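The next block holds one structure in the form of structure tokens; read it before the comments.
Derivation of every value follows stated rules applied to the coordinates shown; laboratory data play no part. Just so you know, these numbers come straight off a predicted model, no measurement behind them. So basically every Cβ, Gly included, is an ideal-geometry build from the backbone, and we count neighbours across all protein chains shown.
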């Protein structure tokens, strides 16, 4: 499957995967992360149910706090 992840083309051997599978595969282990699939924000409790498919545009943005 080919998707766009954070404005970069990525190719995976699977035909589809969940958001949580993608985050684990890419080792995105940030404490605070926001995910959008095709422009739609995905709530954290939906990461295991939201399927990413061929051609999807995914943004996984980690938020940094400080002060």
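Given the criteria more than 15 Å from residue 2 (Cβ to Cβ) and not in a loop (DSSP other than H, G, I, E, B), does residue 20 qualify? In short, yes.
Just the residues that are in contact with a strand residue (DSSP E or B) (Cβ under 6 Å, 6 or more places away or on another chain) and either surrounded by fewer than 13 Cβ atoms within 10 Å (Cβ to Cβ) or assigned to a strand (DSSP E or B) (or both), please, taken from segment 39-53.
Within segment 39-53, the first condition is being in contact with a strand residue (DSSP E or B) (Cβ under 6 Å, 6 or more places away or on another chain), and the residues that meet it are 42, 48, 50-53.
Scanning segment 39-53 gives 42, 48, 51, 52, 53.
Screening segment 8-20 for residues that are farther than 10 Å from residue 52 by Cα and in contact with a strand residue (DSSP E or B) (Cβ under 8 Å, 6 or more places away or on another chain) and picking the one that is surrounded by the most Cβ atoms within 10 Å (Cβ to Cβ) gives 12. Screening residue 23 against (1) in contact with a strand residue (DSSP E or B) (Cβ under 6 Å, 6 or more places away or on another chain); (2) surrounded by 11 or more Cβ atoms within 10 Å (Cβ to Cβ) leaves a single unmet condition, (1).
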